[in-house]
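Participant: Can you read through this structure? Questions will come right after.
The values are calculated or read from the model by the stated rules, or taken from the named source; none is laboratory data. Keep in mind that what you see is a predicted model, and the values were worked out from it rather than measured. Virtual Cβ from ideal backbone geometry, glycine too; neighbours counted across all protein chains shown.
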Amino acid sequence: MNENIESVRCLIIGSGPAGYTAAIYAARADLKPVMYQGMQPGGQLTITTEVENFPGYPKGITGPEMMEEFKQQAERFGTDIRSGVVTAVDFSNRPFIIKADDGKTISAETVIISTGASAKWLGMESERKFMGMGVSGCATCDGFFYRGQEVAIVGGGDTAAEEATYLAKLCKKVFMIHRRGELRASKAMQHKVLNTANIEMVWNSAPEEVLGDHSGVTGVRVRNVKTGESRDIPVMGFFVAIGHKPNTELFDGQLELDELSYVKTKPGTTQTSINGVFAAGDVQDHHYRQAVTAAGTGCMASIEAERFLTN
């Protein structure tokens, strides 16, 4: 049986600030983009409550509301936005062949990847329960809401150290919970953390449960991994900083990835190791991981895709 293949000029894999911005620019350039939103339409911002650091929203906005507005703007200019997941890609020849879980096979002249990255979580039921109600995976995004309060952060690497020192500038006190007796962070970051007066190290300890009520997080129960003793620490915010995992399994063996499995792009561009395939947002950025920078690279990817097609 002959397979019915749909031809498109620009296929966007994944949504979020990068994907939707790419769609807005591609649609306005008359590339007639098709987008598959992926497992989490709207990306990580859909599990964020208030967003106060994105330009153009002086009163703030919730993450889900913002992503709905991005989506509507992309649709306004004619983007074909589809629910569903891309299940296979073949970048060996151009046009590229992509399969989706709706049974469609697509032949794409250009592809923009915006599948993002997922924060690693501890896996506690209480962590899920209070997500967006005091539990956060991004201190830079949400730390502002805990000004003058006491918070806890879990982790021991450079990311956790950076986020702990960031929180310390805003919060009354930061409890840094680490299951070892020393940090894994670089010496410079260790020195910074250990010399910040309002960061209190909770060594050799692991969170057992996030405590809270209808208003949100009220504390965290930690267990000393050496003695087995538990204690409750009253806090209003609980930050998890144990790393992120880029959503790149689909592209392993198809594109060049870095040592952390993020898509490698040529410096100053969104161009990947395959001509005509571009990557935008957190799937290729483990440094900034902000909505505004993701949107910026989404813009870049569409402009580069348009130029690629017209050259």
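Participant: Cβ-Cβ distance below 6 Å, separation of 6 or more or different chains: which pairs start in region 137-165 with a residue that is acidic (Asp, Glu) and end on one that is in a loop (DSSP other than H, G, I, E, B) and at pLDDT below 95?
Facilitator: Listed by first residue and then by second, the contacts come to 158/185; 158/186; 163/241.
Participant: Consider region 211-230. How many of its residues are surrounded by fewer than 18 Cβ atoms within 10 Å (Cβ to Cβ) and closer than 15 Å to residue 175 by Cβ?
Facilitator: Of the residues in that region, 5 qualify.
Participant: Going by the structure shown, is residue 174 within 12 Å of residue 154 (Cα to Cα), surrounded by 18 or more Cβ atoms within 10 Å (Cβ to Cβ) and either in contact with a helix residue (DSSP H, G or I) (Cβ under 8 Å, 6 or more places away or on another chain) or not assigned by TED's automatic domain parsing to the domain that holds residue 152 (or both)?
Facilitator: yes
Participant: Of the residues 111, 151, only one is closer than 30 Å to residue 275 by Cβ, modelled with pLDDT of 95 or more, more than 17 Å from the chain's Cα centre (by Cα) and not polar (S, T, N, Q); which?
Facilitator: Criteria check complete, one pass: 111.
Participant: Working carefully through the options 104, 120, 129, 99, find the one that is basic (Lys, Arg), over 15 Å from the mean Cα position of the chain (by Cα) and over 27 Å from residue 308 (Cβ atoms).
Facilitator: The unique qualifying residue is 129.
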